[in-house]
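The values are calculated or read from the model by the stated rules, or taken from the named source; none is laboratory data. Computed from a predicted model, the values in this text were never measured in an experiment. Neighbour counts are summed over all protein chains in view; Cβ atoms, including those assigned to glycine, are modelled from backbone coordinates with ideal geometry.
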Amino acid sequence: MSIPAVQCFALVVLLALCSSVSITDWRRMIIPDKQNLLLAISGLIVSSLLPFPGMLDASAGLLAGGLISWTIRSLHREVRKVEGLGLGDVKFIAAAGSWVGGLGLAPMLLFASLTALAYAGLSRGRNISAVQNPHLPFGPFLCVGLVVVAGSQIISGQSIYALLD
């Protein structure tokens with residue numbers, strides 16, 4: 001299979017999986033393990049077929065994503081005494097690491113967080129205390145970050161950092 005064919009296939013798979021995760025998380029406030037497993041496996045397969053991130057970096061991204069997000073989740077729960085990041089989000093970030101590689105995790109999380117903050121600010125206005133349900137599914141925003149970073153890397157064949165230079 002040619003590189004452009006693999007790129008098109010990768011983008012279709014990525015968009016389909018992210019659409020599924022976004023819809024499920026938005027409706028049910030959960031990202032099922034099956035969706036995260038599909039995302040991780042497909043990311044490793046795609047990474048082995050494309051020049052970037054490559055299988056080694058994809059594997060490192062998967063491990064780093066899991067470790068970083070688990071640490072954030074644990075620290076938040078310890079400090080705030082409330083769960084701020086669900087296990088589905090932790091698993092999603094790990095799986096996303098297989099698509100973006102270790103270095104792509106930071107910009108992916110930045111795009112996801114900024115998108116979530118913009119949504120929360122625009123939809124809830126200034127009076128946050130008046131909101132009855134303060135919970136917001138993070139999965140759809142993680143998907144935005146993943147599609148932006150992984151999509152850019154798939155199309156260009158290079159790191160997101162090379163594109164920002």
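Surrounded by 13 or more Cβ atoms within 10 Å (Cβ to Cβ), out of contact with any helix residue (DSSP H, G or I) (no Cβ under 7 Å at 6 or more places or on another chain) and either at pLDDT below 90 or part of a helix (DSSP H, G or I) (or both) - does that describe any residue in the stretch 142-163? No, every residue in the stretch 142-163 fails to be surrounded by 13 or more Cβ atoms within 10 Å (Cβ to Cβ), out of contact with any helix residue (DSSP H, G or I) (no Cβ under 7 Å at 6 or more places or on another chain) and either at pLDDT below 90 or part of a helix (DSSP H, G or I) (or both).
Scanning the stretch 42-81 for residues that are within 29 Å of LEU11 (Cβ to Cβ) and of a type in the set (Val, Ile, Thr) gives ILE45, VAL46, ILE68, ILE72.
Of all residues in the stretch 1-29, those satisfying the criterion of being in a loop (DSSP other than H, G, I, E, B) and either among the aromatic types (Phe, Trp, Tyr) or over 20 Å from THR115 (Cβ atoms) (or both) are MET1, SER2. Of the residues making up the stretch 7-43, those that are more than 17 Å from GLY157 (Cβ to Cβ), surrounded by fewer than 21 Cβ atoms within 10 Å (Cβ to Cβ) and polar (S, T, N, Q) are SER19, SER20, SER22, THR24, SER42. Evaluating PRO4 against the criteria (1) more than 13 Å from GLY157 (Cα to Cα); (2) exposed (fewer than 13 other Cβ atoms within 10 Å of the Cβ) leaves one unmet condition, (1). The residue that is surrounded by the fewest Cβ atoms within 10 Å (Cβ to Cβ), among those in the stretch 44-75 that are in contact (Cβ under 8 Å) with a residue 40 or more places away in the chain and under 20 Å from PHE138 (Cα atoms), is ALA64. VAL82 meets each of the listed conditions (1) touching an Asp or Glu at 6+ places or on another chain (Cβ under 9 Å); (2) assigned to a loop (DSSP other than H, G, I, E, B) apart from (1).
Within the stretch 80-109, residues that are touching a residue at least 12 places away in the same chain (Cβ under 8 Å) and buried (at least 22 other Cβ atoms within 10 Å of the Cβ) sit with their Cβ atoms under 9 Å from residues that are among the hydroxyl-bearing types (Ser, Thr, Tyr) and not in a helix (DSSP H, G or I), at 6+ positions apart or across chains, in these pairs: GLY101/SER159; GLY104/SER159. Does any residue of the stretch 124-140 turn out to be touching a helix residue (DSSP H, G or I) at 6+ places or on another chain (Cβ under 6 Å), part of a helix (DSSP H, G or I) and not polar (S, T, N, Q)? Checked against the condition, which is being touching a helix residue (DSSP H, G or I) at 6+ places or on another chain (Cβ under 6 Å), part of a helix (DSSP H, G or I) and not polar (S, T, N, Q), the stretch 124-140 yields at least one hit. Counting the residues of the stretch 11-67 that are at pLDDT 95 or above, within 17 Å of GLY145 (Cα to Cα) and not polar (S, T, N, Q) gives 22.
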